[in-house]
Structure formats: structure tokens, C-alpha cells
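The values are calculated or read from the model by the stated rules, or taken from the named source; none is laboratory data. These numbers come from a predicted model, not from an experiment. Every residue, glycine as well, gets a Cβ built from its backbone with ideal geometry; the counts of neighbours run over all protein chains shown. Accessible surface areas use protein heavy atoms only, side chains included; no ligands, DNA or RNA. Shrake-Rupley method; radii C 1.70, N 1.55, O 1.52, S 1.80 Å.
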Amino acid sequence: MDNPVAVIGGSGRLGRLVAQRLLDRGAPVRAIGRSVQHARRSLPPGALFFEGDVRRPETLSEPLAGTAALVYCVDPGTADSGPDRPETTVYQGVRNALAAATEGGHRPRVVLVSQIHATHLAHPLNAYGRVLEWRLAGENAVRDSGLPYTVIRPGWLTDTREAGERVRLEQGDRGFGQVSRPDLAEACVQALFHPAADGVTFEIFNEPGTTSPAWSEAFAGLQGDRTPVG
Ligand SMILES: NC(=O)c1ccc[n+]([C@@H]2O[C@H](COP(=O)([O-])OP(=O)(O)OC[C@H]3O[C@@H](n4cnc5c(N)ncnc54)[C@H](OP(=O)(O)O)[C@@H]3O)[C@@H](O)[C@H]2O)c1
């Protein structure tokens, strides 16, 4: 990719791994987050940092202008009210990012990091600021944007592969388990480069085992969100 890839939440524990993998592939990276200090501590050299807050649309125009793709991995917060609530971070923030990235008619590729249980609104996790409801609304904003996209719903995140070496992709939001941030970061980057990952939503987990299927094979086994059933 010649144009920059924006990693929104690029200074986070997942985002910085995504940024590093993109840089390793030679893609220019713009990392976006609220705190310069946070970015200084965590961003890989070579990633350009832009101070931006997804809750404030005016801060997104410059960093998202002309980007080839964006990876959205912002933490939702769990408050019921106030600025750090999921409605603003993983729903309105997603809409703000999509609006800024498409200014001037651009059509970036989008990878949204959501979470498992996003469709289970009776799950106890939803008690935290209705996070699951807003996650699903953010997912739907991406699906309805008309842009090429992938929605990834990770299980519980770990820094190492505690649940096993193998990566398993699933669909239908029925599973539960852990996935390492390095494997999730790789999935985000691979999704950007594989046409078979366009228009799909999947869950991702680690499991015992030694080898994972090739990404092309794993993506080819997934159903598109708009594939007619039956
Ligand atoms: N932890 C889990 O088990 C789990 C499970 C499923 C899904 N997830 C999701 O996976 C994603 C990555 O998780 P992580 O552990 O890597 O998160 P993290 O380390 O907390 O990183 C979050 C990133 O979001 C940025 N951010 C937060 N609020 C922002 C805002 N209003 N505007 C712009 N940037 C903002 C943070 O930077 P600043 O603070 O500097 O703004 C940081 O770069 C998140 O969406 C998380 O919810 C996590």
C-alpha cells in the first residue's frame, strides 16, 4: 500500500503490534490516539503519530485524509455516562472515523476490532455502559458504510498464546476463548491484504495445536455477511 494506513488506537497494546506489522510490510502508518505521552512510550519507530480523539470529529480530518485503509482498535471504556462511554467510543467514534476517512470521496478499506458476544445483548458484559449494544451498532455502521470492510470479534485478549499456538476463526458469535494480541494483530493486517476477507465478520481464538491454516485458506472458508442463507 502506497497511501498511509491509519491505526486508530495505534498506541494501544494491540494497535502498536498492528502498526509494527504494517511497517514491516513497507506500508506508511499513521497512528491515532489521545495521548502524546502514551504514543511516545509505545509506538514503533517509523509510525507517524497524530493526536486525535474519535469523539471529536474535528481532530480526525487531518490524520485520516487520503488513507488507503484504517484499522479501528479503540478501547470502549465502560462508563454509563460521560465522555468515556461505549456509545461515544465504539459507535459514534466509528461513525466519526468513517466520515473523516471518506471525505472527498475516498474509499478506504476498513478493519474494525469488535469483540465476541456483540450479538448477545443479555450477556452480563452489557451491564458496563451497554458496551455490547454499542459494539454491534459500530459494527453495523461499518457494514452499512458501503466500504470494503472486515469485522473481527476477538475473544479475551492475552499478550502471549496462553490458550495454544493454533489460530481458529469462527462465525455466528457462539464461541468463547482467548486470543493473543500478536495473532489478532496479524489477522487485522492479513485482512487488509486478502480480498476474501472483504465483507466478512468473524471471531478469532487460540487453541491447542501447532500449525494454523494459511490466512488465505482461513478467510476462504468464511461466509460473507451478505451471502444469502439456504
Ligand atoms: N481486553 C480484552 O480482552 C478484549 C477483548 C475483546 C476485544 N477487545 C478490544 O480490542 C481492542 C484493543 O485492545 P487493547 O487491549 O490493545 O486496548 P488498549 O491497550 O487499551 O488500547 C486502546 C487504544 O485506544 C486509544 N484510545 C482510547 N480512547 C480513544 C479515543 N477516544 N480516541 C482515540 N483513541 C483512543 C488509546 O490511546 P489513548 O489512551 O492515548 O487515546 C490506545 O491507543 C479494543 O477495542 C478492545 O476493547 C479487548
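Residues that are surrounded by fewer than 21 Cβ atoms within 10 Å (Cβ to Cβ) and within 19 Å of the chain's Cα centre (by Cα) within the stretch 68-82 comprise Ala68, Asp75, Gly77, Thr78, listed in sequence order. Entry remark, the stretch 119-138: residues being modelled with pLDDT under 95, among the small types (Gly, Ala, Ser) and assigned to a helix (DSSP H, G or I) number 1 in total. Remark: pairs (first residue in the stretch 80-96, within 14 Å of Gly9 (Cα to Cα); second residue open to solvent by less than 60 Å² (accessible area, probe 1.4 Å) and not in a loop (DSSP other than H, G, I, E, B); Cβ separation under 6 Å; 6+ apart in sequence or on different chains) = Val90/Trp134; Val90/Arg135; Val90/Gly138; Val94/Gly138; Val94/Ala141.
On inspection, Glu139 passes the criterion of being within 18 Å of Cys73 (Cα to Cα) and either within 15 Å of the ligand (Cβ to nearest atom) or of a type in the set (S, T, N, Q) (or both). A residue that is surrounded by fewer than 15 Cβ atoms within 10 Å (Cβ to Cβ) and without any contact (Cβ under 8 Å) to a residue 60 or more places away in the chain occurs nowhere in the stretch 175-192. Scanning the stretch 175-215 for residues that are of a type in the set (D, E, K, R) and more than 16 Å from the ligand (Cβ to nearest atom) returns Asp198, Glu207. Within the stretch 32-64, restricting attention to residues that are small (Gly, Ala, Ser) and outside any loop (DSSP other than H, G, I, E, B), the residue that is nearest to the chain's Cα centre (by Cα) is Gly33. The residues listed here are Arg41, Arg56, Arg85, Arg25; of these, the one that is near the ligand (Cβ under 9 Å from one of its atoms), surrounded by fewer than 23 Cβ atoms within 10 Å (Cβ to Cβ) and basic (Lys, Arg) is Arg56. Do we find that Gly175 is under 26 Å from Arg25 (Cβ atoms) and over 11 Å from the mean Cα position of the chain (by Cα) in this structure? No, not satisfied.
Total residues in the stretch 139-158 satisfying the condition of being within 18 Å of Gly209 (Cα to Cα) and either at pLDDT below 95 or assigned to a loop (DSSP other than H, G, I, E, B) (or both): the figure is 1. Scanning the stretch 65-78 for residues that are more than 8 Å from the ligand (Cβ to nearest atom) and outside any strand (DSSP E or B) yields Ala65, Gly66, Thr67, Ala68, Thr78.
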